[in-house]
Amino acid sequence: PESGSLSIIVLGASGDLAKKKTFPALFNLYRQGFLPPNEVHIFGYARTKISDDELRSRIRGYLVHDKGASSQHLDDVSKFLQLIKYVSGSYDSEDGFRLLDKEISKHEYSKNTVEGSSRRLFYLALPPSVYPSVCKMVRTYCVNKSDLGGWTRIVVEKPFGKDLESAEQLSSQIGELFEEPQIYRIDHYLGKELVQNLLVLRFANRFFLPLWNRDNIHNVQIVFREDFGTEGRGGYFDEYGIIRDIIQNHLLQVLCLVAMEKPVSLKPEYIRDEKVKVLQSVLPINDDEVVLGQYEGYRDDPTVPDQSNTPTFATVVLRIHNERWEGVPFILKAGKALNSRKAEIRVQFKDVPGDIFKCKKQGRNEFVIRLQPSEAMYMKLTVKKPGLEMSTVQSELDLSYGQRYQGVTIPEAYERLILDTIRGDQQHFVRRDELKAAWEIFTPLLHRIDNGETKPLAYQPGSRGPAEADELLEKAGYVQTHGY
Ligand code: BG6
């Protein structure tokens, strides 16, 4: 039954992810009534020995941002914090997990509205190195044992491994302990409003159906830029690099939704089946279609090795070998310490044949989906320049969410994904075979980088990245739009 007690257990409760993302998302869900206090209890588990109140006061700072918070807000925060209990223990300690189970059971007993049923959601806000041991402990000591209903689910975050082999190993270890329907692999890009909109856009609009293919689309760009570097997390970042941090997961997931065929229905498994097919159709990456960069000053971070070869920027062209996409470059680009913070999808159409207006130079039709900041979709198109002359100009049809949906709060990605987990909807989570196919695409390139066979080019922080990346874009056929 989808009622009865619900326990949300945040493992790694005193870490950064938990404080910055998990607890604020839980708080937002609580405020909107999705975590009814007569059913829900939240447990924090971590090694640090602190009291319930100490954990609560640490979290509080992330829920109350300004001094002018309303008394209603402060009241909500206090009530929410009262739902949180802390248990301390290490990540391989039998005693710790036994104690955790005891606390959860106590709460279930006190709150059971449907006798005996229990829902247990374990959120691993932890480094992946401890996933296997934590999963084992949870499996052994903490799963829902009630035969009267309920469930146990676990949520894990990337990085899921470092390459195909390590990812498969991790998947097998977890797979021996939990069934696939119990495992929720978060890619928070799948929780973003405009990423979730992609399916609707593509399959509910007649406009796009006949155009969305190699006959009409020249190239697709999926771009992620950040205007800050890896300060404060250089140690973590250096082990992974921009491809593992952003491209192999976030951008590739977006690519799947842009390129996939229409699923049989909205059933999560049908959607994930189509995503896997796209990934399996991606051809091996061509060395000539990769540009790597590292911003100057990256190695000044004391946690980054002096000789680090880790890219903080990459542009990679992927080619999908199927009937819809053959010949269309999918350009994935991501970088830290660039000139702006933005994530967008740019679908560039082919030139109009027989151009009687001689307007080709002004640019092509382009459809842009801006994921952030300021969610928007706009279509660049050619119109007659208003006035007496018959000349043309590039203009746009613009759907900016801030204007069109004034007053609508767009939920945070994590908020949505945690709610999906509670509801048992795996549509926006990465399935094991998807993960494997994603690693298959990037592992050879990653190994070449790890072995020092391919080196990143230096670029200035605050720039567009290495100039070679723009050249690659041009070579792939992307045409910059001018003059609108
Ligand atoms: C994370 C990466 O997954 O995504 C970070 O590890 C990155 O390096 C972040 O900054 C970006 O997320 P968003 O939602 O701010 O685009």
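The values are calculated or read from the model by the stated rules, or taken from the named source; none is laboratory data. Worth saying up front: this structure is predicted, and the values here are computed from it rather than measured. As a convention, Cβ positions derive from the backbone with ideal geometry for all residues, glycine included, and neighbour counts pool all protein chains shown.
Can you find, within region 375-388, the residue that is nearest to the ligand (Cβ to nearest atom) among those that are charged (D, E, K, R) and over 17 Å from residue 193 (Cα atoms)? So the residue we want is 380. Please enumerate the residues belonging to region 321-374 that are within 14 Å of the ligand (Cβ to nearest atom), part of a strand (DSSP E or B) and free of Cβ contacts under 8 Å to residues at least 40 places away in the same chain. Listed by number, the list is empty, since nothing qualifies. The set of residues in region 220-239 being surrounded by fewer than 18 Cβ atoms within 10 Å (Cβ to Cβ), modelled with pLDDT of 95 or more and near the ligand (Cβ under 9 Å from one of its atoms) consists of 228 alone. Inspect region 283-292 for any residue being touching a residue at least 60 places away in the same chain (Cβ under 8 Å), within 16 Å of the ligand (Cβ to nearest atom) and either under 24 Å from residue 455 (Cα atoms) or assigned to a loop (DSSP other than H, G, I, E, B) (or both) and give the result as yes or no. Taking every residue of region 283-292 in turn, none turns out to be touching a residue at least 60 places away in the same chain (Cβ under 8 Å), within 16 Å of the ligand (Cβ to nearest atom) and either under 24 Å from residue 455 (Cα atoms) or assigned to a loop (DSSP other than H, G, I, E, B) (or both).
All conditions in (1) touching a helix residue (DSSP H, G or I) at 6+ places or on another chain (Cβ under 6 Å); (2) farther than 30 Å from residue 458 by Cβ hold for residue 282, with the sole exception of (2). Being touching a helix residue (DSSP H, G or I) at 6+ places or on another chain (Cβ under 8 Å) and within 14 Å of the ligand (Cβ to nearest atom) is a property that holds for residue 254. Within region 389-419, if we keep just the residues that are touching a strand residue (DSSP E or B) at 6+ places or on another chain (Cβ under 8 Å) and of a type in the set (S, T, N, Q), the residue that is nearest to the ligand (Cβ to nearest atom) turns out to be 400. The criterion of at least 2 residues that are over 27 Å from the mean Cα position of the chain (by Cα) and among the small types (Gly, Ala, Ser) is met, among helices (runs of 4 or more DSSP H) falling completely within region 11-83, by 71-82. Candidates in region 84-94 are the residues that are part of a strand (DSSP E or B) and out of contact with any Ser or Thr (no Cβ under 9 Å at 6 or more places or on another chain); of these, the one that is nearest to residue 59 (Cα to Cα) is 84. Only one of the numbered conditions (1) modelled with pLDDT of 95 or more; (2) farther than 30 Å from residue 276 by Cα; (3) in contact with a helix residue (DSSP H, G or I) (Cβ under 9 Å, 6 or more places away or on another chain) is violated by residue 413, and that is (2). Restricting attention to region 142-161, and to residues there that are surrounded by fewer than 19 Cβ atoms within 10 Å (Cβ to Cβ) and of a type in the set (D, E, K, R), which single residue is farthest from residue 244 (Cα to Cα)? Checked region 142-161; the qualifying residue farthest from residue 244 (Cα to Cα) is 147.
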